Each structure stands twice: as structure tokens, then as C-alpha cells.
Amino acid sequence: MISDAPVLQQTTEPAESAAPSRLSRYAGPTLGLVLPLTLALGWELVVWSGWSNGRLVPPPSRVFATVVDLARSGELFRHIAATLWRVGLGFAFGVVAGTLLGAISGYWSLARRLLDPTVQALRAIPSLAWVPLFILWLGIFETSKIALIAVGVFFPVYLGVMGAILIVDRKIVEVGRTFRLSGPAMIRRILLPAVLPAYVVSLRVGLGLGWMFVVAAELIGASEGLGYLLLDGQQLGKPAQILAAIVIFAILGKLTDWLIEIAAAPFLRWQDAFGRTTGA
């Protein structure tokens, strides 16, 4: 009887600790909705009480009604699909180019001295400055829009990869050389795990800039897309449509950022990081 007590205690403790972990897993996204929902409800009450007419800043109920009307007409899904297609392609091209050039510049000092000054100079060019050039080179169709988004994604990915390689601990690299690891083995077993956390952050930043650049891209002769919906709302004096497009941008941006987090999570389980231990 005495020997059974520890066994029962060991079997019940994991079950008791599993429930709080599941609750904390769902508590994070729920808490993230508190602030926007509170602000939306507060503004709805302000308009409902008559303190504002809601003409220039419509209440959430009016914005939601606009979204419903666009969805019923089929316009909303057409605009969302066009924007997602452009962001997806631009993000893919920007990530490939940024990863390759960033890895080359970070790993090879001669390439860094040749490439990095030019890349840093190009990074300072505002996004709208590329628009007339891309129209002249690539026309007003999809190629110029995707190229502009790719430019926005490229720079943070390039900087993230190059910077992460440059700050890899020299002692870890020396350990790899001590064990006579080849170049590919050094990259796979030492550099890649060390660079991966910063690389994920750079992907998220690049994706955020991709969503920003798509608005400028869809000003280039677009007839569909959320950026076009914004411009159409401005020209026709429809603030509810403008806010509806902005809200959809925010939701899609957060969802795609969340997808990157989920995809990267299995590769970062080895991290003993502050955020994992404290729930930050």
C-alpha cells in the first residue's frame, strides 16, 4: 500500500498540469481580441448615444454591414483573392532573393563588401518611388505589382539573414571546425539552427511590409484587390468601405503572420527562450 502512493501521485500530476496548459494555449488569442473589441464597442456606443454622427468614422455595425453587402455581391471574395495572389507571389520571390543574397553576404565577406552598400542604398528608396519605374519597365499589369511587393519583402529578409549569420557565436563555429565538419555540414548543423530564429522574425517583418506594399502596388492600374477597394471608397466618398478594407487587411495580415508562426514552431522547439518559460 505504501508503494502505491507515489505511483498515483505521478499519474495524476501530468493530467492536472495538462488542463492549465490547454487553457493558456487558448487564452492568448482570446486576450488579443479584448482591446480591438473594446475599442469597437466603445465607438459603437459613442455613435449610438449621439455624441458623434459617425459620418467620417462609421461605427462597427455600419462597417460590418458594408462587408456583408460586398460579400453577398461576390465583390469581396474577388478582391481578397486578387490581393492574396499578389502578396503570395511577391512574398515568395522576395523571400527567395533575400535569403540567397543575405546568406551569400553573411557567409562570404567579399560578397558582403560588394553587395551590401548597394543594397543598403536601395533600401532607403521609398516604396512609391519604384512605382513609375516599374510601370515603365513592366507595364501596369500583374508583373509590376508582384515586383513591387517582392521589393518590399526582400530587404528585411536580406538584412535578417545576413545579420543573423554575422552574429553567430564564434565559439560554436570553432567547435564545428574542431570536429572537422565540411562546409555543407557546418551550415546544416551549426549555422542553420543559429540563424533560424532571426530568420523567422525577418520573414514576419517581410510579410508585414508585403501587405503594406500591396496597397501601393494596387494603385498601378488595378481593377480589383483590397487596395483598389480603398481607392474606390475614397473616390466615391464611402468611409465605411475604406474602413472595411482596412479591417480586412488587418485580419488577413494577422492570419498570414500566424501561419508563419505555426509553420516555424516545430523547428524552434529546441529553444530555451524567455518567452517560452514565462508565457510572454
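The values are calculated or read from the model by the stated rules, or taken from the named source; none is laboratory data. Note that the structure is predicted; figures quoted are calculated from it, not measured. Cβ sites come from the backbone with ideal geometry, for glycine too, and all protein chains shown count toward neighbours. The protein model used for the area step is the full one, side chains on, heavy atoms only, and it has no ligands, DNA or RNA in it. Shrake-Rupley method; radii C 1.70, N 1.55, O 1.52, S 1.80 Å.
Details
- Meets criteria (assigned to a helix (DSSP H, G or I), among the charged types (D, E, K, R) and modelled with pLDDT of 90 or more) for residue 204: yes
- No other residue among 207, 166, 191 is open to solvent by less than 30 Å² (accessible area, probe 1.4 Å), within 12 Å of residue 103 (Cβ to Cβ) and out of contact with any Pro (no Cβ under 8 Å at 6 or more places or on another chain) apart from 191.
- Subset of region 88-137 that is aliphatic (A, V, I, L, M) and part of a loop (DSSP other than H, G, I, E, B) - its residue that is surrounded by the fewest Cβ atoms within 10 Å (Cβ to Cβ): 124
- In region 169-186, the qualifying residues are those that are among the aliphatic types (A, V, I, L, M) and free of Cβ contacts under 8 Å to residues at least 12 places away in the same chain, and the one that is farthest from residue 100 (Cα to Cα) is 181.
- Against the list (1) open to solvent by 40 Å² or more (accessible area, probe 1.4 Å); (2) assigned to a helix (DSSP H, G or I), the condition residue 56 fails is (2).
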